[in-house]
Amino acid sequence: MSAVDELALLAEEIAGCRRCPRLVEWRERVAADKRAAFVDDEYWGRPVPGFGDPQAGVVVVGLAPAAHGANRTGRMFTGDRSGDWLYRAMWRAGLASQPESSGRDDGLTLFGAWVTAPVRCAPPQNKPTVDERDTCAAWFGRELDILEPVVLVALGDFAYRSIWRYLGAAGHDLPRPRPRFAFGLEVAVPNGPVILASFHPSQQNTFTGRLTEDMLDAVFARAKVLSTEY
């Protein structure tokens, strides 16, 4: 089976998952009790598969779908301000066909890149539990196994730790102790991908200036270079 077919099958399985009762209840309640600005939208209200180029060398890892972003649109980092920041940066780096990401039918295409998250359902207060994270890890692991990325861009500490757990479970010889998460951190895993760390493009980080567009551009410029070197 080709990577395209494997990823399509995985997407179907992810979208039908109901393993975490708290997340199922929350995502469906949000989809029914819509935000006023989106009252005419049909919310996705299901787990959200990854999105992008099946031949991706760069895989971008977030945290989880936003309640009125990906939980509404059905595509990772789509329909919210975090996604606006992310896809603008990817577009400037030549990894996306356009800077806007408003919905699944907006024409956006990624080049050599894939966007995903370790948790597939929108969690209350953007805080999945440990059990929910671990339950979702099987989807994350299968996806990365199929993609075999050269570079993993961790958007935030949650993504960084999730990537580390995946690589450890896959048998990679990881540096010990684990380097502390920090913006711009770069870890080359022996016989594995390079991990690049960035702050998450959440409003908490972008509104305060903790993350700027120049900082995010630098991360994706580096990711693109590394994806061609390894």
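Read the figures in this text as sums done on the coordinates, not as results from a lab. Predicted model, so just to flag it, every value in this text is computed and none were measured. All Cβ positions, glycine included, derive from the backbone under ideal geometry; neighbour counts span all protein chains shown.
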Within the range 82-100, tally of residues that are closer than 29 Å to GLU12 by Cβ and of a type outside the set (Ser, Thr, Tyr)
9
Need the failing condition index for ARG222 against (1) at positive phi; (2) touching a residue at least 24 places away in the same chain (Cβ under 8 Å); (3) surrounded by 13 or more Cβ atoms within 10 Å (Cβ to Cβ), just the number.
(1)
Out of all the residues in the range 205-228, which are under 16 Å from MET90 (Cβ atoms) and of a type in the set (Lys, Arg)?
ARG222, LYS224
Which of (1) on the phi > 0 side of the Ramachandran plot; (2) surrounded by 19 or more Cβ atoms within 10 Å (Cβ to Cβ); (3) free of Cβ contacts under 8 Å to residues at least 24 places away in the same chain is the odd one out, the single condition GLY107 does not satisfy?
(2)
In the range 186-230, what residues are among the hydroxyl-bearing types (Ser, Thr, Tyr) and out of contact with any strand residue (DSSP E or B) (no Cβ under 8 Å at 6 or more places or on another chain)?
SER202, THR206, THR208, THR212, THR228
Go through the range 164-185 and give me each residue that's surrounded by 14 or more Cβ atoms within 10 Å (Cβ to Cβ) and not in a loop (DSSP other than H, G, I, E, B).
TRP164, ARG165, TYR166, LEU167
Given (1) more than 22 Å from ARG133 (Cα to Cα); (2) under 16 Å from the mean Cα position of the chain (by Cα), TRP164 misses just (1)
Taking the range 86-100 and keeping residues buried (at least 19 other Cβ atoms within 10 Å of the Cβ), in contact with a helix residue (DSSP H, G or I) (Cβ under 9 Å, 6 or more places away or on another chain), of a type outside the set (Gly, Ala, Ser) and not in a loop (DSSP other than H, G, I, E, B) leaves LEU86, ARG88, MET90
Out of all the residues in the range 41-53, is one or more outside any loop (DSSP other than H, G, I, E, B), among the hydroxyl-bearing types (Ser, Thr, Tyr), over 14 Å from the mean Cα position of the chain (by Cα) and over 26 Å from ARG161 (Cβ atoms)?
no
Would you check which residues across the range 184-199 are farther than 17 Å from TRP91 by Cβ and either of a type in the set (Gly, Ala, Ser) or touching a helix residue (DSSP H, G or I) at 6+ places or on another chain (Cβ under 7 Å) (or both) and list them?
GLY184, ALA188, VAL189, GLY192, VAL194, ILE195, LEU196, ALA197, PHE199
Looking at VAL59, is it touching a Lys or Arg at 6+ places or on another chain (Cβ under 8 Å), surrounded by 21 or more Cβ atoms within 10 Å (Cβ to Cβ), aliphatic (A, V, I, L, M) and not in a helix (DSSP H, G or I)?
no
Output the residue which, of all residues in the range 64-85 that are touching a Phe, Trp or Tyr at 6+ places or on another chain (Cβ under 9 Å), assigned to a helix (DSSP H, G or I) and of a type in the set (Gly, Ala, Ser), is surrounded by the fewest Cβ atoms within 10 Å (Cβ to Cβ).
GLY83
